[in-house]
Structure formats: C-alpha cells, structure tokens
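Values in this text are rule-based calculations from the coordinates and carry no lab data. Quantities reported herein were computed from a predicted structural model and do not represent experimental measurements. Note: ideal-geometry Cβ built from the backbone for every residue, glycine included; neighbour counts use all protein chains shown.
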Amino acid sequence: MTKLNSPSPEDIRLWDNRNLMHPWHSLGTEDADFMIASDAEGIYVYDESGRRYIDGPGGMWSSQIGYGRQEMADAIAAQVLKLPFNTPWTSTSGPAAQLAAKIAAESPGDLNNVFFTTGGSTAVDTALRFSHFYNNLRGRPEKKHIIARQKGYHGSTFMSASVSGKERDKSFLDTDTDSVHFVGNVNPYIRRDGMSVAAWCDEKTTELEAKILEVGADRVAAFIAEPILASGGVIVPPEGYHRRCLEICHQHDVLYISDEVVTAFGRLGEFFASESVFGIVPDIITSAKGITSGYVPLGAVLISDRLIAELTADDRSEVLFSNGFTYSAHPVSCAAALKNIEIMEREEIFAHVRDITPHFQARLQELRCHEIVGDARGMGLLGCVEGAAPSDSSEAKRLAVDKEFGYRLDAKCEERGLLLRPLINMCVFSPPLIISRDEVDMMFDIIDQALGEVNAEMC
Ligand SMILES: Cc1ncc(COP(=O)(O)O)c(C=O)c1O
C-alpha cells in the first residue's frame, strides 16, 4: 500500500473496484467505472479531471446549504478540538442539549423529546422499537404490528428495511414479514382512468382503515409514512390524505410515525413538513440528512410529550428505553447541525425555497411536452420525471422504456454537466436548497435537451 496521501485516479479506481463495497451494488464487479467525486462547492460537484456537475440529487436529498462552507469546517474543527466524543449513556454535551432544545422549539405540537441517532435508518429503527416499547409498557404486548406503504423507503437496518415497500430492494435479503403489513401505492398517477383525485384519496384512506381492521386494531402499533415518498419516485399523495390517515390511526389507537428524513429541514420550505405543509401533528417524527446538510452523519427521532407522559404517569419503578448507539448525540455532529441551522436561518434559506419553488415546479411541468414523459411531479425542491412509452407502442418498446429510461436520461444529463438519480423508469432530483433561479434554469435546460434525445431514441 503506497501513496495513501496522494492517490492517483487509477489507484482510487483499483482500490474501489477491489476493496470498497458500495451500497445497492452488484457484487463481484471489478470493472465498475464510478465517477470519482473530488471536490464540491456551492451546488456543484467536480470529478477528478476537474469537470463540473450540478448536483441534481443534492447529495442524497441531503445538501441544504451547499458544499464548501468554511463556517461548517470551522464549527466541526472547533468541536473536534474541544470535545470530539461524549458518552451519551452517562453524560451530556452542550451541542447535543442545545440542538435538542432547538429542534423541540421548531417541531410541531408537543414533539419535544429528541433522541439522536446515526442517520435515517437508525432513526426509523428507534421509532419502531419505541412503538413496541410503548405497547409493552402499556400492557399490550400483542400490539406490535406495523403498517407501511408500497413504494415507501425507510432505510437499511433490518426493521427499517422491513417497513420499506420497494420490492426490488428486497432481492435475496430477509425482512420481517410476520409483523409488517403493506397498503398500496398512493401515487395519483396510477389511479384508474376517469377516477378523480378525491375518489383516489377516499380509496387509499379506506384501504388503510381496512388494513388496520384486517390485522386487528388491538394488534397494530404504528403506521409509518413519508409525507412525500422520496426514493419511491417523489410520490405526492392526494390533498388531505395525511390528515385522514392520522384521524384513522388515532381512532384506532395506532401511532402515526411521519418519516421526514427527506422532507424536514427546508426541502419543502419549512423546518418540518408534517404540520406546516400537510396539516398533521404526528406522534413521532424521524429525520436525518438535511439536519447537517450531509456534512457529517446524524439522525433524530422526535417523540410527543403525550406518549412519554403515558409511559411515566403510572407508578412504575423503571421505564428504561434500552436503545441507543455509541454515536448517539455525537457532539461533533450536533455542533455541525447547529451551525447548519444557523446558516439556514441567517440566509433565510427556507424563504428562498418557498420563493423559488413555483419556478422550479413550472419548469418541471414543461417537461411534459416530450412524448416520452408519462408523468412529471414534485413539491418544493423535489422533482421526478417518469418515462412511459406512447400508448400505441410495441411491447418491446414499452419494456425498453420501463427498464432504461432513467439510465439513459441520467447519462445524457451527465454528459451535459448535470447529475440526476436514475430509478429504473424515473429520474429524481432534489438540488441543494441554495440553488438560484438561473441555476434552476440551467438544470431544466439540460434535462429538456437530454429528454429530446431520449425521446428521439425511444419513441
Ligand atoms: C424517507 C427516508 N427514511 C429513511 C432513510 C434512511 O436514511 P439513511 O440512509 O440515513 O439511513 C432514507 C434514505 O434515503 C429516506 O429517504
């Protein structure tokens, strides 16, 4: 092993192919040709040759304030020198306590109890384990089942993967199929011809209630839902859907877990989207990603005062929630989150998102002019283009669009200096929240040109 301090691109590629296992990647591929991301600044990422790309996916739905912030580097370095680690089992630290207080102040309703984790999956895992713990303590050990949704994505620990509803992601891996139940895809795009969105909403909320009754309300602990299903293809549920789901859950004494790993921290122009955008105060919120703008790992679970009070009200000798991680409430991550939030507030980044959203969404809708675009959808600075072959296409053409649209569009955008995230027949994007109007135009001009080519090739 030589040259560890200044590896060449060839070295990096060699080590990457031989030794580094990537998430969601086929094993045994020794010739994968990943782009080597070398630098990043603002909304741009640079490869090893210095080529610049707009970071369309914004890291992975995570880059709110953009890259290369000196203030973030300073805050992280200062915390590393002051207190690089604290054991949260037996002591606390200033950044962790201050961040918990800040999040509680910005959270909806009475969600004032904050448990820090290492990322989104561990936040979801913690929330699900809390729902088990809650029912055990309340003397209802049979009330453990979870209802989740097709196309939902909640993470990659055993429990968070079990409640994820993207079938392809489960190939060759086991999940808990005994206590997890799914309701169908809520995407209004797939509703039957002639059906109104309101009728679709009725159908989907009725389906949730029917599922609770089928499993048995006395056996269902929680319903978990992303406000917008991000990795499932930026699926925006119909108006009023979340409100009605919450009502149904509460009628049946089922906890509502709102997975805001993507939607919190400004992606929809608000601190949290559950109440400000969708009008619900859930029982539990999970978050991660934008909490530190992806500079360092951190996740958070917010639990309502009501639930905590229910567990501590009775005369119990001990209410020990034995869940946690060595890096829970990590002081460096919490210091980074505090600086990230300070920057977002000082620069009024949420207001900027609200300002620029109509233009972003209008440019997204214009992409429908290409015949190959079956759907273009989004909210805030979240977008998705879904490919669909024209209705009179041959079976072979349909299959090709279904399998290749996302990868072809992504490749053509990359040639033009824009990264997207391909998901089979879709591409999704969520650029850094600091993106300017001109940069939004640059981004959509590239997608438009690339779509023109994909359309010519595939239609
Ligand atoms: C909604 C949602 N929940 C949970 C997760 C898992 O987060 P992490 O990858 O940080 O574990 C993700 C990741 O994309 C997500 O989008």
Task: Amide H contacts under 5 Å for Asp375, placed H, 5+ residues apart - done: Glu386
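Mind putting a number on the dipole of segment 72-346 about its Cα centre? Charges go on the C-beta only, +1 for Lys and Arg and -1 for Asp and Glu, and I need it in Debye to the nearest 20. Walk me through the numbers before you get to the answer.
Details: 25 positive and 33 negative charges, 115 e Å.
My answer is approximately 560 debye.
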Open item on the list: Residue by residue through segment 15-20, what is 3J(HN,Hα) from phi via Karplus (6.51 cos²θ - 1.76 cosθ + 1.60, θ = phi - 60°)? Round to whole Hz and write x for glycine and proline.
Closed with: 5, 4, 5, 7, 10, 9
TODO: Just order 381-391, 424-434, 406-416 by mean Cβ neighbour count inside 10 Å, highest at the front, would you?
DONE: 424-434, 381-391, 406-416
Open item on the list: How much length would be gained if the chain were fully extended between Asp445 and Thr175, taking 0.36 nm per residue of separation minus their Cα-Cα distance, in nm to one decimal?
Closed with: 93.0 nm
TODO: Output the relative contact order of the chain, whole-number percent, from Cα pairs under 8 angstrom with separation of 6+ residues.
DONE: 20 percent
Open item on the list: Taking the Cα centroid of segment 7-41 and of segment 385-415, what is the distance between the two, rounded to the nearest whole Å?
Closed with: 27 Å
TODO: Go through Trp15, Asn86, Ile284 and say which Cα lies farthest out towards the positive end of the charge dipole of the chain; charges sit on Cβ, +1 for Lys and Arg, -1 for Asp and Glu.
DONE: Asn86
Task: Cα gyration tensor category, rounded, prolate or oblate, for segment 152-240 with a/c compared to 1.5 - done: oblate
- [ ] List, in order, the whole-Hz ³J(HN,Hα) value for each residue of segment 87-99 obtained from phi through the Karplus relation with A = 6.51, B = -1.76, C = 1.60 and θ = phi - 60°; use x for Gly and Pro.
- [x] 7, x, 5, 10, 8, 10, 9, x, x, 5, 5, 5, 5
Task: Charge dipole of the chain about the Cα centre (unit charges at C-beta), most positive-ward option of Leu399, Gly119, Ser131 - done: Ser131
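Could you work out the relative contact order of segment 72-346? I mean the mean sequence separation of Cα pairs under 8 Å and 6+ apart, divided by the number of residues, in percent.
Relative contact order of segment 72-346: 29 percent.
Is it possible to state the helix-based mean residue ellipticity at 222 nm for the chain, with each DSSP H run of 4+ residues giving -39500 (n - 2.57), the sum divided by total residues, to the nearest 500 deg cm²/dmol? What is it?
-12500 deg cm²/dmol
Taking a ≥ b ≥ c as the square roots of the eigenvalues of the Cα gyration tensor of segment 1-60, is the shape rounded (a/c under 1.5), prolate (a/b larger than b/c) or oblate?
Working: a/c = 2.47, a/b = 1.31, b/c = 1.88.
Verdict is oblate for segment 1-60.
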Open item on the list: Through the Karplus equation 6.51 cos²θ - 1.76 cosθ + 1.60, θ set to phi - 60°, convert the phi angles of segment 202-214 into ³J(HN,Hα) values in whole Hz; use x for Gly and Pro.
Closed with: 4, 4, 6, 6, 4, 4, 4, 4, 4, 5, 4, 5, 4
TODO: Arrange the peptides 207-214, 295-302, 336-343 so that the one whose residues have, on average, the most other Cβ atoms within 10 Å appears first.
DONE: 295-302, 336-343, 207-214
Task: Flagged links, alpha-carbon separation over 26 Å, of Lys151/Lys397; Lys289/Lys339; Lys289/Lys397 - done: Lys289/Lys397
TODO: Scan around Phe182 for amide H atoms under 5 Å from its own, H built in the peptide plane at 1.01 Å from N, and keep only partners 5 or more places away or cross-chain.
DONE: Ala148
Task: Computed magnitude of the charge dipole of the chain (debye, nearest 20; Cβ of K, R +1, Cβ of D, E -1) - done: 600 debye
TODO: Using a/c under 1.5 as the rounded threshold, could you call the chain rounded, prolate or oblate? The axes a ≥ b ≥ c are square roots of the C-alpha gyration tensor eigenvalues, and prolate needs a/b larger than b/c, oblate otherwise.
DONE: oblate
